[in-house]
């Protein structure tokens with residue numbers, strides 16, 4: 001029983017680690033089109049990558065500090081919202097990250113195919 | 001949807017969100033980002049409320065609003081996730097911090113209190129052992145807390161400053177220490193030597209009552225063993241026999257890897273008890289328990305009085321220093337035995353986990 005709990009905890013931690021890097025790519029990819037926080041979160045959740053407020057907003061701040069995103073407060077529907085979009089540097093980094101992702105994916109597929117033989 | 005009910009719902013939601021944001025703000029560090037983060041979180045929450053209202057086609061009830069906020073998490077938890085990552089000592093410095101803390105507390109402070117502060121308290125308290133032990137423990141606790149606090153503070157400062165300075169720990173792979181041998185078996189040569197010296201020591205000890213010059217040398221002509229040596233002769237013979245037996249078992253059963261560290265520790269503990277009793281006896285009544293006394297032939301000769309006093313004080317000093325040395329040895333042996341146990345347990349766990357796989 002305790003072993004089962006340990007394993008599920010371990011799985012959760014490993015999933016979290018796996019998701020961490022993917023989330024950055026997903027956020028950058030989503031922000032090729034301008035969005036504000038809530039719609040971005042919804043879009044990610046609709047595509048199967050749910051992310052809570054406490055994770056997304058610090059991540060957006062960090063990406064903005066790193067110069068990968070630009071943001072501005074703007075009024076929409078009589079409410080102030082902060083809109084984010086990819087910066088030119090972010091677009092370049094996203095392109096490189098996607099290439100890396102493709103390469104990792106190809107390697108993993110190859111490893112998994114070899115293992116199943 | 002009824003307009004007045006919608007308005008009332010909006011008022012309620014705004015009030016609840018503001019209260020929630022105020023609570024989050026309380027836990028957030030007051031930086032230039034605080035307002036920004038709170039505004040953005042507020043906007044997110046309002047959007048969530050609106051979405052839910054659209055989904056239900058009516059204004060939200062207070063329990064429904066509370067459920068959304070509850071899903072977001074407690075204000076303290078949300079602030080913790082929104083705020084900057086805060087730690088006193090980061091993962092890069094932590095192993096060094098842990099090492100320094102162990103070194104200072106266990107290997108410097110504890111021995112200093114046991115061997116210096118403790119005896120000093122004993123002398124100050126006029127030989128009152130319970131009071132001296134209590135006072136030493138009290139002082140030790142305060143010392144440990146203060147030292148740990150200072151070390152933590154220094155490392156926290158290094159953590160902050162090194163992050164700004166961008167300094168890196170310099171290291172050279174070629175200068176790393178060589179691989180240590182794992183699972184050393186008890187040395188056979190050491191056991192043989194111990195057995196040999198043990199035999200010699202026991203024979204020497206058994207011959208002492210008949211040939212006092214073996215311990216007193218030429219002074220045996222005018223000195224002889226006093227009540228102290230007579231009283232503690234048997235415990236020393238027993239300890240010596242036990243030591244001989246110990247080396248014999250180590251030689252005969254080298255596969256008993258647990259035996260040498262445990263028996264060394266037990267031996268040191270017994271020796272400490274004997275030495276302590278000797279010191280206690282002589283400090284309580286120095287005249288009744290001298291180590292050596294004058295031979296009957298020279299008992300009344302004043303020229304030897306001073307000499308016998310010097311010999312007794314010298315032997316007492318040797319006993320006290322031996323006690324100190326055995327104390328240090330006992331600490332080291334306890335540490336070695338605990339390490340041995342820990343290693344054994346971890347080996348067993350590894351075997352069990354391999355078996356489970």
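Among the residues of segment A:44-73, those identified as more than 8 Å from chain B (Cβ to nearest Cβ), part of a helix (DSSP H, G or I), within 21 Å of residue A:15 (Cβ to Cβ) and within 12 Å of the chain's Cα centre (by Cα) are A:44, A:45, A:56, A:59. Entry remark, segment A:15-39: residues being over 22 Å from residue A:96 (Cα atoms) and part of a helix (DSSP H, G or I) number 5 in total. Restricting B:209, B:290 to those that are part of a loop (DSSP other than H, G, I, E, B), closer than 18 Å to residue B:314 by Cα and touching a helix residue (DSSP H, G or I) at 6+ places or on another chain (Cβ under 9 Å) reduces the list to B:290. Just to be sure, is residue B:111 within 30 Å of residue B:277 (Cα to Cα), more than 14 Å from every other protein chain (Cβ to nearest Cβ) and part of a helix (DSSP H, G or I)? Yes; evaluated as a whole, the condition is true for this residue.
Pairs, please: C-beta under 6 Å, at least 6 apart or cross-chain, first residue in contact (Cβ under 8 Å) with a residue 24 or more places away in the chain and in segment B:40-65, second surrounded by fewer than 16 Cβ atoms within 10 Å (Cβ to Cβ) and not in a helix (DSSP H, G or I)? The qualifying pairs are B:58/B:1. Selection over segment A:24-43 of residues that are closer than 19 Å to residue A:90 by Cβ and within 14 Å of chain B (Cβ to nearest Cβ) gives a count of 7.
Only one entry of B:146, B:150, B:157 meets the criterion of being over 23 Å from the mean Cα position of the chain (by Cα), outside the structural domain of residue B:301 (by TED's automatic domain parsing), modelled with pLDDT of 75 or more and surrounded by fewer than 13 Cβ atoms within 10 Å (Cβ to Cβ), and that entry is B:157. Which ones in segment B:42-73 are outside any helix (DSSP H, G or I) and within 52 Å of the chain's Cα centre (by Cα)? Residue satisfying the conditions is B:73 alone.
Across segment B:51-75, the number of residues qualifying as within 12 Å of chain A (Cβ to nearest Cβ) and either surrounded by 12 or more Cβ atoms within 10 Å (Cβ to Cβ) or in contact with a strand residue (DSSP E or B) (Cβ under 7 Å, 6 or more places away or on another chain) (or both) comes to 7.
Of the residues that make up segment B:19-30, is at least one within 14 Å of chain A (Cβ to nearest Cβ), touching a helix residue (DSSP H, G or I) at 6+ places or on another chain (Cβ under 6 Å) and outside any helix (DSSP H, G or I)? Taking every residue of segment B:19-30 in turn, at least one turns out to be within 14 Å of chain A (Cβ to nearest Cβ), touching a helix residue (DSSP H, G or I) at 6+ places or on another chain (Cβ under 6 Å) and outside any helix (DSSP H, G or I).
The single condition from (1) surrounded by 15 or more Cβ atoms within 10 Å (Cβ to Cβ); (2) within 30 Å of residue B:341 (Cβ to Cβ) that residue B:294 fails is (2).
The values are calculated or read from the model by the stated rules, or taken from the named source; none is laboratory data. From a predicted model like this one, the values you see are computed outputs, not experimental measurements. Every residue, glycine among them, receives a Cβ derived from its backbone with ideal geometry; neighbour counts consider all protein chains shown.
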